[in-house]
Amino acid sequence: MTIVVLIFGEVSPKCLAKENPESFARFSAPILKFLMFILTPINFVFMQWRKLLSLIFKKKPENRMTQEELITIVDEAQSEGGIDEENGELIRSAIEFDDVDAREILTPRVDLVGVDKETPFEEIAKVFEQNPFSRLPVYEESIDNIIGVVHEKDYFCALQQGNRSLESIQTKPLYISGTVKVSDLLRMLQHYKVHMAVVVDEFGGTEGVVTMEDIIEELVGDIWDEHDVVVNYFQKINDTTYKIDCRAALDEMFDFLDVKASDDDYDCVTVNGWVMEKLEKIPAVGDSFDFEDLHITVTKGTAHHATELTVKRIAPKTEQL
């Protein structure tokens, strides 16, 4: 029966209608009209039965819209000129805000600047002067044991007043897991009235720190003040060659290069982590590999990670006939 229905109910009628649409429409219209006349009373009975069931088993209307549908609406509004590119990016960031983990926006452990609790009080001033940070983590013995956070304003006020006790001006740090969503973290920072959280890894060590500014930048983009050094992660050398800073976010690099790939396919969030995953080793200067239509070469690096890539677009190969 399945084969019969497929041949005579699906394939054959569609083939005939496609080959001779007008004549097939004139032929089938009377038959369809007769079937509609015959089946209308039966259809009416079933419609009334459906209404009766709806009255007995009331169901709350669900006007839900998925995240993908919302983003599609924003993309359409932007393409039609209803909103500009900046507003479109802001709306998309707000929609995807709940999907971002603290681990994706943290300042990693290797880039942390802190002070030991045994550091002479006057020497902490040099740390503030040499780094553009208003808050510094205070650790005991190693950066894996952060015991407090000291604010620049509190420090210099204490220094001026003759107070030399670091413990008296430091605040208790907020410890979180790297899997905490940034939307939840923002509420936690507001609740505890702090601007910095320490991200702890599975072994209890310090994985990095997340600040209030990091969370806000996830929504509105990079925020630069008069003391920040502006970092250009992506440089276009010519129409086919680019320089990429390996500290950049992986999804931002894909967007910049217009690559149809997703950072969800990888276990890393930075370009350096992606390079390590592709090479399956610690990158060294001169290492290279191909990805999509790109040839990627490590041009700068340290003993532990890559710092800069050169990306060249490869001309697509034409098939020989």
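For residue 189, the requirement of being free of Cβ contacts under 8 Å to residues at least 40 places away in the same chain and closer than 30 Å to residue 98 by Cα is met.
Is there a residue in region 120-135 that is at pLDDT below 90, open to solvent by less than 70 Å² (accessible area, probe 1.4 Å) and of a type in the set (Ser, Thr, Tyr)? Yes, region 120-135 contains at least one residue that is at pLDDT below 90, open to solvent by less than 70 Å² (accessible area, probe 1.4 Å) and of a type in the set (Ser, Thr, Tyr).
Applying the criterion of at least 3 residues that are hydroxyl-bearing (Ser, Thr, Tyr) and modelled with pLDDT of 80 or more to the helices (runs of 4 or more DSSP H) found wholly in region 1-118 leaves 21-56.
Here is a check on your reading of the model: is residue 216 touching a helix residue (DSSP H, G or I) at 6+ places or on another chain (Cβ under 9 Å), aliphatic (A, V, I, L, M) and loosely packed, with under 14 Cβ neighbours inside 10 Å? Judged against the criteria, residue 216 is a match.
Determine which member of the set 3, 31 is open to solvent by 100 Å² or more (accessible area, probe 1.4 Å), farther than 30 Å from residue 99 by Cα and of a type in the set (Val, Ile, Thr). Matching residue, one of 3, 31: 3.
Candidates are the residues of region 143-167 that are modelled with pLDDT under 90 and of a type in the set (Gly, Ala, Ser); the one that is farthest from the chain's Cα centre (by Cα) is 162. Remark: pairs (first residue in region 15-29, without any contact (Cβ under 8 Å) to a residue 24 or more places away in the chain; second residue open to solvent by 80 Å² or more (accessible area, probe 1.4 Å) and of a type in the set (A, V, I, L, M); Cβ separation under 6 Å; 6+ apart in sequence or on different chains) = 24/16.
Please go through region 113-138 and pick out each residue that is touching a residue at least 60 places away in the same chain (Cβ under 8 Å) and in contact with a strand residue (DSSP E or B) (Cβ under 6 Å, 6 or more places away or on another chain).
Taking region 113-138 first, the residues touching a residue at least 60 places away in the same chain (Cβ under 8 Å) are 132, 135, 137.
Once the filter is applied, which keeps residues that are touching a residue at least 60 places away in the same chain (Cβ under 8 Å) and in contact with a strand residue (DSSP E or B) (Cβ under 6 Å, 6 or more places away or on another chain), region 113-138 yields 135, 137.
The residue that is surrounded by the fewest Cβ atoms within 10 Å (Cβ to Cβ), counting only those in region 6-28 that are under 54 Å from the mean Cα position of the chain (by Cα) and of a type in the set (Lys, Arg), is 18. With respect to (1) more than 30 Å from residue 98 (Cβ to Cβ); (2) in contact (Cβ under 8 Å) with a residue 60 or more places away in the chain; (3) assigned to a strand (DSSP E or B), the lone exception for residue 176 is condition (1).
May I ask you to list the residues in region 85-107 that are more than 18 Å from residue 212 (Cα to Cα) and either in contact with a helix residue (DSSP H, G or I) (Cβ under 7 Å, 6 or more places away or on another chain) or open to solvent by 80 Å² or more (accessible area, probe 1.4 Å) (or both)? Outline the logic, then answer.
Let us first name the residues in region 85-107 that are more than 18 Å from residue 212 (Cα to Cα), namely 85-89, 91-92, 95.
Selection gives 85, 86, 88, 89, 91, 92, 95.
Among the residues that make up region 139-159, is at least one of them assigned to a helix (DSSP H, G or I), touching a strand residue (DSSP E or B) at 6+ places or on another chain (Cβ under 6 Å) and open to solvent by 80 Å² or more (accessible area, probe 1.4 Å)? No, region 139-159 contains no residue that is assigned to a helix (DSSP H, G or I), touching a strand residue (DSSP E or B) at 6+ places or on another chain (Cβ under 6 Å) and open to solvent by 80 Å² or more (accessible area, probe 1.4 Å).
The values are calculated or read from the model by the stated rules, or taken from the named source; none is laboratory data. Note that this is a predicted model, so its numbers are computed, not measured. Virtual Cβ from ideal backbone geometry, glycine too; neighbours counted across all protein chains shown. The protein model used for the area step is the full one, side chains on, heavy atoms only, and it has no ligands, DNA or RNA in it. Shrake-Rupley method; radii C 1.70, N 1.55, O 1.52, S 1.80 Å.
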